[in-house]
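Data first, discussion second: the structure below is written as structure tokens.
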Amino acid sequence: MKKISLLALMLFTLSCSLMNVEITAGTTPAATTGVSPAQPTTARATNAPATAASTPRVCSAYMTFAVNTHDTVHVTQSAETLKRAIDIFEKYGARGDFYLTAPMVELYAKQRSDVIERLKNSKMTISYHLRPPHPLYSGFDSRLKNLDDKTLAATLRDYETYRLDPATGDLDKTQPGGYSFVAKTFGRNPVVVSMQTDERRLRVAAAKVFLDLGAKMTILYHEDRTDLNKPLVQDNGLWVRPSDFSVTRWTPAGGNNETFWWNMLTTPKAAEFNPTSYLKTKLSAWKGSRPPFVTALIHENNFVYSGAEAWTLIYYSDAQKTKALTPPFNLNAPDSSKLRSQTEQDTIWKAYDELVGYAAKNTCVVTSEDIVVMAK
């Protein structure tokens, strides 16, 4: 066993902001790259700065709140949702991990610059993800598949440097865009990149580009596939975001399908889909030799709208996304989302507030930025 360096510990403590964490870790070769990430086995945290008299508490879990933003149709509502979510995290001394697309950041800059300033001046973590018609999104990657390696690398870098035209999927090289644009806008590199293509060759090539641009982590799965003995591993040089289980969707007793909790809070099964109750149940059932990594994922539109995303019919033939359309795309296609009632919105926000509050008090709330420090 070896101790993580004092410097790494100090950085992790500062980045968490709400707690001081001491981690003892073992060294095990990573399955995908041969690196030897530190394996967190014990953690002690306090809500206040550590002092000689402070009594540490043991972390029951490492909890990450991921908020994906992508509602390019309802920009004002999206901005208001992000600001409200930030308020909740700050209320409990916690941090959220906000995943932004470059087109979304462009729209914020033009229509709601206040939300960019709110994020910049907060302690929230900035990450990066993709939506159609980006060619690293499955169904929209045909323009990349037949490129030779050199041309592929150059093309991917261009897509993370210049503006993506949402109507054609082409690049406007007179305007900034992609990962580089998001990084410049917020004055720091997004930590995680989410490449949503199943093509391994494209993922490998993209990882090299994102690493060079400053990314540290990627996503191979969203909810529950982390190895108990090797939770922190790398894939093509990027750390893989760990998650032993999530507080996002699950199957109710007697049910057959997983359902997102926010869609069930005004139904007869509301009690079975209370996210805080579900987290308590999962934590009490955890038998692993280390604290679990837990992901609570939600999209900003889920608080306000139900059904398919508002942009779905711009890029797909139907609301079920059974067939990707080809350019040019109709940016005025019908909105496929449905506004929730005010009662339903309020119920979702109340449940989310309760979940963040419970996690902040009973787990170590971390973001991808913190996990990268843990892994070094």
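Since every read-out is calculated from the coordinates, none of them should be taken as a lab result. Everything numeric here is computed off the predicted structure, so don't read it as measured data. Reconstructed Cβ throughout: ideal geometry from the backbone, glycine too, with neighbour counts over all protein chains shown.
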At 7 Å along Cα-to-Cβ for each site, give me the label-to-label distance between residue 184 and residue 345 in nm. 3.5
Among the lysines, which fall within straight-line cross-link reach of residue 145, defined as a Cα-Cα distance under 26 Å, with same-chain neighbours fewer than 8 residues apart omitted? 173, 208, 216, 321, 323
Backbone HN-Hα couplings from phi across region 169-176 [Karplus 6.51/-1.76/1.60, Hz, Gly and Pro as x]: x, 7, 9, 9, 7, 8, 10, x
Please express the Cα-Cα pair-distance distribution P(r) of region 77-179 as a list of whole percents, one per 5 Å bin, running from 0 to the bin with the greatest distance. 2, 11, 19, 21, 15, 12, 9, 6, 3, 1, 0
Would you work out the relative contact order for region 177-320, in percent, from Cα pairs under 8 angstrom that are 6 or more residues apart? 17
Over region 62-375, calculate the relative contact order: mean separation of alpha carbon pairs under 8 Å at least 6 apart, over the residue count, as a percent. 23
A correct Karplus calculation of ³J(HN,Hα) over region 72-83, with 6.51 cos²θ - 1.76 cosθ + 1.60, θ = phi - 60°, whole Hz and x for Gly and Pro, returns 6, 8, 10, 5, 5, 5, 4, 4, 5, 5, 4, 5
Only Lys, Arg (+1) and Asp, Glu (-1) charged, at Cβ; region 120-276 dipole about Cα centre in debye: 460
At 10 °C and 1.306 mPa s, grab the translational diffusion coefficient of region 210-303 from Stokes-Einstein with a Kirkwood Rh over Cα pairs, rounded to a whole number in µm² per second. 105
For region 62-375, just run the numbers: alpha carbon Rg, then divide by 2.2 N^0.38 Å, N being how many residues it has. 0.98
Taking the mean number of other Cβ atoms within 10 Å as a proxy for protection, how do you rank 131-141, 286-296 from highest to lowest? 131-141, 286-296
Mind checking which lysines have their C-alpha under 20 Å from residue 91, skipping anything on the same chain fewer than 8 residues away? 83, 120, 123, 350, 361
Of 352, 134, 375, which is farthest along the charge dipole of region 62-375 in the positive direction, counting Lys and Arg as +1 and Asp and Glu as -1 at C-beta? 375
Over what distance in Å are the Cα centres of region 304-376 and region 132-157 separated? 25
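Place a +1 charge on the Cβ of each Lys and Arg in region 62-375 and a -1 charge on the Cβ of each Asp and Glu, then give the dipole magnitude about the Cα centre in debye, rounded to the nearest 20.
That gives region 62-375 a dipole magnitude of about 500 debye.
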What is the sum of charges, Lys and Arg at +1 and Asp and Glu at -1, for the other residues whose Cβ falls under 15 Å from the Cβ of residue 312? 0
With both partners inside region 62-375, how many of the DSSP beta bridges are antiparallel, as a percent to the nearest 5? 30
Given +1 on the Cβ of Lys and Arg, -1 on the Cβ of Asp and Glu, and no further charges, what dipole in debye does region 240-324 carry about its Cα centre, rounded to the nearest 20? 340
